[in-house]
Every structure is written in C-alpha cells, then in structure tokens.
Amino acid sequence: MKVTVKLRASLKRFSKTGESTVVMELIEGQKIRAIIEELGIPETDFGLITVNGCLTETDQLLKEGDSVELFTMLKGG
Amino acid sequence: MPKGYMGKILRVDLTAKTVVEENPSEEILKKYIGGVGLSGYYLYKETDEKTDPLGPDNRLVFMTGPFTLSGVPSSGRHSVAAKSPLTGIWGDADVGGTWGIGLKKAGYDGIIVQGASPKPVYLFISDSEVKIEDASALWGKDTFETDDILKEKHGANIVTQSIGQAGENLVKIASIMTDGSSARAAARCGLGAVMGSKKLKAIAVTGNKKPEIFDEEGLKADIKELVTVQVQNRGGMHEHGTAEGLIGNELSGDLPIKNWKLGAWGGNAEKISGEVMTEKYLEKRYFCGNCVVGCGREIHIKEGKYAGVRGSGPEYETIGCIGSNLLIDDMEALCKGNELCNRYGLDTISAGGVIGFAMECYEHGLITEKDTDGIKLTWGDPDALMALIEMITFKKSIGALLGQGVRTAAGEIGGIAKEFAIETKGLEFPAHEPRCFNGTALTYATSNRGACHNSDLGSRFFEKKLTMPEIGLMEPAGIHTVEGKGHMIAKLQDVSGLYDSLKICKFMVWFNVDNAKLLKWINLITGWNMTMEELLIAGETGYTLRRMYNVRCGISRKDDTLPPRILNQPRGEGGCGDRVPPLNEMLVPYYEAKGWDEFGIPTDETLKRLDIFEICKR
C-alpha cells in the first residue's frame, strides 16, 4: 500500500529524495513506527504525528492512501 | 580559592560611589555553586520582605558560574537577580550571549550593585580598572544605540549590558539586554526597572583574564568529543531556531491563542513559524558564547512597511506571546515588535501578556479609546501592538497601567478584568499551555519567580522523550499522568537551578549533556571531588533558599496556583482542548517530595538537611 509522508521543517533532512513530501510503499498491517524506522529519524527528533490531519501516536495502523505528517519535537524558548 | 572561579565579586555602591572586591569562601561556592544559586545567597542575606524593589536597598546581582569561560559547551550565560518590582518577591532572569564571559575575562565572577546614583551612570569594568562613568549622554538612548556609543568610546572588544527607555522609566516589565543588536534578554521579573531605579544605564566589560582550570587537558578532550556529536545533532534548532516547532505547538494545543482563550487558530501558525523566518529574513545564525547549536537568529527585513528591521529575530516565546496570543499572523510585524521591545528593553513575554489582557478588556468595553489615545485595540492588528509597546515604554495613557503587569492592571480596572489576567504570583505566562502538559501546570504554579517555563528544565521534554535516572525518571512520564508528577517536577526544578548556577544552557538536555557530564565537568574544572548526590543537593539547596525568600515575603500554598481560566475552563477545541490541569492532585505529592509542609513551607528538618536552617532562622 502507498502512504504519503510529509516531513515538516528540519525533518526534511531525513527524506531520501530531498523533497519534504514522499510517497512510501508499506506492507498491509504496518504502523507509523515503520515509517520512522525506515527513514531513520531518531526518537528525540520527531514530536507530533498526524494521520489525515488528526493527532496520533506511532502505534497507529496505516491504510492505503493515508496522509502522514511528522513534526519536529516542540522545543520552544 | 577553588579553580574555575576568578574568586572575586565586585560590590558597587552607587550611593557612596564606591567599588570594593569581595572574596567568597570555598565553602559558600561549593554550597551555592554560582549563578542563580549564589545570587540567592546574597539576596537572602541582604534584602527581605521590607525591601522596596525600586529603592536603593534592593540589590541587583549579576553572576557567572564555574562553567563560564571554561570552554564547556553553551556556557555563555549569566544570571541577573533582584527582588522583583513586578511581583514583589524573588526575581531572576537568565540570559545568553557573551557578557558573562566578558565579566570573567575582566577578572570577576559577579557584581552586586546596591544604592542608587542621583545621576545616570554606567560601569566600565576591565581587567585593569573599574570605573563609574557619567551616562547623561546615554540616558534616553535605546539598547542598540547604547551598545554602539559605548563601543565607539571603549573599543569593539567590549561587551555591554544595558537598559532601554523602559528600564529608565521604571516600567515593571522592563528587561536588561546584552550584546547590542544581537539582543539577548534578561527579560523576566522587571529587573530592567531595578537597574533604572539605580540610574545604572549599562555595564561594559572587557579583559583577557582566564580562570585556572584543574584538569584543562581532560576537560578539553571531553568537550571536543561532545562538540563533534553536537554539531551532527543540532538539526532543527540550528536550522530554524526556537520557533521551529511552532506549527506543531498549535496542533498540540501548546500555543497561547487569543489571551489563552482559544485552542486552535486555523493553522495560522504556519505563517509565523521559524521556517518562514529562515526562508525570508534570516541573515545568519547567532551563537551564544561557546555554543555550536546556534539557535539565535539574525534577521533583516529589506522592504515593505517594516523595512530596516535588523538584528535579533523573534524567539518562540516572543512569537507566541506577541503573535498568536494577540492573533497577529504577520511575521514582519512580529519582527518589528520584537525589535522595538529589544531596543526599549521590554520583556516580550510580559508585553504580550499585558497587551493580550488589554485587547480582551477592550473587547469587553473595560478599556475604551478614551484610554488609548484613540487607538483601537483590535485582535490581530499589528498597529495596536506597536502603539501599545510605545505607550507602555513611555508610560502614556493606558500604557502606564499596563506596564505594571496584568495583576496590578486587573486590580485597577476591576470588574471581570481579573478573568483576563493570565499570571501566577504576578508574572505573566510564557508561551506554553499548562492545560496541555501537567508538568508545566505544576511548574507554573510553584516556580519561585511566578509563571516560569524555564525552571523545570523543560518538563514537557521529560514527559514525552527524555529520562533522568538520577531523579528516578527511568522513562518519559507522559504529558497527562498525575502519579509521580509531583516528585518529577520537584526534582527537575532543583536540577534546573543547578544548570542556572553552573551556567550552562538548558537546551543542552537535547544535545548529549546529562547530569553525569555536569558532575564530570565541575570536578575537572574545580578539582573538587563532588558526588552526584552532593551536586544534586547543591541544586536543591539553592532552590529551597529562594523558596524561603518568598516565604519570608508571605508566599505559601495560596499562591501556588493558576489563573481561573487555566484551572477551570477547557478551550473546547484543538490539541488537549477538553482538558484542565489536575493541579491539586499533583501539589500535595510535590510538597512531600520537596520536604515542605501542607502550606508549602520548607520544614525545619528540610532546612537542616540542606544546612540552611541557620541562615533562614536568623
């Protein structure tokens, strides 16, 4: 199945294509965690995750056509 | 004298026009370390509940720590402390840049300023002389101009710290600014007004001295290895600065929106994020002393209404407080507002707090155009922001009241205005939402200087990602958990105070610095053989003494709270839109972990354990 992954802000550096939006091929039953591992994003680098605009966690199951956004960890000042 | 320190603190009496050197004992240095810890010791001894914060008896203490000028990463910081004119209790502000390093190069660990000069003066401190100089020509100048003039006179190698017009005018949300247009701010608690009350316009430092380091080679080797890793890992903080995560801050519900009333802003954070700043206005990144992360921004707006804005770009806190909190989504206007605050020496956090308060009062008819010289205080209007910054700085019309902070302003205005005053202990909220993170709620409620995001080492990071085994935090605690949260915040506050005493940036928790590193470094620098337990107790001792300062000023459990809007009203939309913080459930375990009684007063047993019973009961 194909899912669209948008890497926000400095997470773009983990894109294999150099683009902030990438389409990834996953196996049915895989979770968001699989995307993070595939892209090699360290645990302390990503913060929020949304699927189709809704906040979620790394253990959410994905389905064909999902749009995943990964945000950097909130740091603030 | 232990190594790592210069061993000298300057005491400047501006009434008597005298300067004397004092030598703190090794016992005191080991107990309070430096920075905010050591400042607390002096302030506790020399001021009390009767001290007028804007009177000559108040002390204004500038303090470095053993990490300053040691080469430790991100150690270009210093503490400023005084009794706060904004809150009437303990006040401190921690600031980056290079001024602390400059002071130590001049040969001093710190400065205690007392008394008040009848005429404007500045201090010139070099490694060969200390002079109290006439500052008549500087009075009325902003902080950027002051830096330029002093550099022209004393040379480009000096580092300055100064107040702007807000501090001169004793505005109670005035900051003290360092490093000229790079504009690092000791912003909180109105310490700029304390400096103004002493007619002290600036302090310029320069020199070539250096503290002796116990094991310089060992320290250098350890730092070299770490810095290589830090450069590899600096990621988003380097690329987009502290405002990188702003879009996520809105999504998660962390961002203040419309004076803390709303939970979502329709994605408008996209327009004012760190990425926008990088793309459109960034000239270069700013690095505080000994830092390789470089989260500071140097920006330039070249065209349009705000053309000419140049220097430090707005930090996350600034964008949150004068941006989303006021519904202003114009990045260039925020850069301009930030520059005005920096030049005038106004705390951008408190400025955003009082302006949000004023806009809500205006919406409800409690402030009208009669009070504002005809200015409409409309949400989202950058012109209203600029006008109020001017009015607050120069105490014009409603600005004179707003400059006293939201607590005083709400009391004066009366009616439902108190509903709009978002503060704890009189200090306006920074830009992280306690309804989103339980740890932040407990920290805002209990911190010594009032609503403070910087006194728990960023507990939200330890709720989501980080651990600290030395305080029993073996895995991230979770943002909505209650159990264990009291203990976690109690201990994180102590460790946070330790960072502010050693003098190292708290962002280092993201960049491979942990408590073991702090311990290794302080022993390599000083030659002490401290244990982890002793180091953590030093943090706890300083924190507890500052609490005792507040206890003496009448602070107790009644003050360890949050404003009604935060405590009782969920925002109804956005991240965590249905939540209010379970403050009371966390507060009792917090007091227990601190060794304080049911009223939030440190017990005699605790004071004796920390060996501060005598100083507290004198």
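The values are calculated or read from the model by the stated rules, or taken from the named source; none is laboratory data. Small disclaimer: the values here were computed from a predicted structure and weren't measured. Counting neighbours? That spans all protein chains shown, and the Cβs are built from the backbone with ideal geometry, glycine included. Protein only, heavy atoms only, side chains kept; ligands, DNA and RNA dropped before computing areas. Shrake-Rupley method; radii C 1.70, N 1.55, O 1.52, S 1.80 Å.
Below, the figures for the structure above:
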{"quantity": "Residue order for B:VAL551, B:VAL513 - accessible surface, 1.4 angstrom probe, largest first", "calculated": "B:VAL551, B:VAL513"}
{"quantity": "Relative contact order for the stretch B:162-266, counting Cα pairs under 8 Å that sit 6 or more residues apart, in percent", "calculated": "17 percent"}
{"quantity": "Anisotropy class of the stretch B:113-172 from Cα gyration tensor, a/c 1.5 cut", "calculated": "oblate"}
{"quantity": "Solvent-accessible area lost in complex, 40 Å² minimum, residues of the stretch A:32-77 relative to chain alone, 1.4 Å", "calculated": "A:THR44, A:LEU48, A:LEU55, A:PHE71, A:MET73, A:LEU74, A:LYS75, A:GLY76, A:GLY77"}
{"quantity": "Lys/Arg +1, Asp/Glu -1 at C-beta; the protein assembly as shown dipole; positive extreme among B:PRO589, B:GLY365, A:CYS54", "calculated": "B:GLY365"}
{"quantity": "Shape call, the stretch B:389-534: gyration tensor on alpha carbons, a/c limit 1.5", "calculated": "prolate"}
{"quantity": "Nonlocal Lys pairs with alpha-carbon distance under 21 Å, the stretch B:210-321 (8 or more apart, or different chains)", "calculated": "11"}
{"quantity": "Shielding by other protein chains, A:8-19, mean Cβ within 10 Å", "calculated": "4"}
{"quantity": "Extension gain, B:THR531 back to B:GLU22 (0.36 nm per residue minus Cα-Cα distance, nm)", "calculated": "180.4 nm"}
{"quantity": "Between the stretch B:12-57 and the stretch B:464-533, the alpha-carbon center distance in angstrom", "calculated": "27 Å"}
{"quantity": "Along principal axes, Cα extents of chain B, largest first, whole Å", "calculated": "61, 58, 51"}
{"quantity": "Anisotropy class of the stretch B:35-168 from Cα gyration tensor, a/c 1.5 cut", "calculated": "oblate"}
{"quantity": "Volume per residue of the C-alpha convex hull in the protein assembly as shown, rounded to whole Å³", "calculated": "145 Å³"}
{"quantity": "Gap separating the Cα centres of the stretch B:266-337 and the stretch B:387-453, nearest whole Å", "calculated": "23 Å"}
{"quantity": "The stretch B:1-149, relative contact order in percent, only Cα pairs under 8 angstrom and at least six apart counted", "calculated": "25 percent"}
{"quantity": "Sparse-neighbourhood loop sites, GluC sites (Glu not before Pro) in the stretch B:562-618 - DSSP loop, at most 14 other Cβ within 10 angstrom", "calculated": "B:GLU573, B:GLU598"}
{"quantity": "Within chain B, helix-based [θ] at 222 nm, where runs of 4 or more DSSP H residues each add -39,500 (n - 2.57), nearest 500", "calculated": "-11000 deg cm²/dmol"}
{"quantity": "Contact order relative to length of chain A, as percent, for alpha carbon pairs under 8 angstrom and 6 or more apart", "calculated": "42 percent"}
{"quantity": "Partner chain coverage, peptide B:237-247 - average Cβ within 10 angstrom", "calculated": "5"}
{"quantity": "Efficiency of FRET between B:LYS271 and B:GLU592 - r from beta-carbon atoms, R0 45 angstrom, step 0.05", "calculated": "0.50"}
{"quantity": "Hull shadow area, averaged, the stretch B:211-277 [alpha-carbon convex hull, nm²]", "calculated": "7.5 nm²"}
{"quantity": "Spin-label pair B:ASP611/B:ALA221, simplified geometry with 7 Å Cα→Cβ offset, distance in nm", "calculated": "3.2 nm"}
{"quantity": "Proximal lysines to A:LYS16, defined as alpha-carbon separation beneath 17 angstrom and excluding residues fewer than eight positions away on the same chain", "calculated": "A:LYS2, A:LYS6"}
